[in-house]
Amino acid sequence: MIERLKERRDVLQLELELSTRRLAELEQSMRTLKDTMARIAGAIQVIDELIAETEAHPENPPEENKDK
C-alpha cells in the first residue's frame, strides 16, 4: 500500500513539475503577444494620426518614403 502511494506521489510530482514549466512557457508567450499587440496598436495610432492630418490639410500630405 505504501509503495503504491509513493509511486502515485512521484507521478503527481512529475506532473506538477511539467505543468509548472508549461505555465512559465505560456506566460512568456503571453508577454510576447502583449508586446506585439502594443506595437500593432501604436502603428495603428500613427496611421490614424497621419490620416487625420491628411484629411485636415489635403494640400500638405505627409511625405511618403522616398526610397521606394
Can you find a residue that is in a loop (DSSP other than H, G, I, E, B), surrounded by fewer than 10 Cβ atoms within 10 Å (Cβ to Cβ) and at pLDDT below 95 anywhere in the range 33-56? no
Out of (1) in a helix (DSSP H, G or I); (2) at pLDDT below 95, the odd one out for Leu26 is which? (2)
Checked pairs for the range 27-53, first among the aromatic types (Phe, Trp, Tyr), second surrounded by fewer than 10 Cβ atoms within 10 Å (Cβ to Cβ) and not in a helix (DSSP H, G or I), C-beta under 6 Å and 6 or more apart or across chains, list as none
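The values are calculated or read from the model by the stated rules, or taken from the named source; none is laboratory data. Every value quoted in this text rests on a predicted model; they were computed, and no experiment measured them. Every residue, glycine among them, receives a Cβ derived from its backbone with ideal geometry; neighbour counts consider all protein chains shown.
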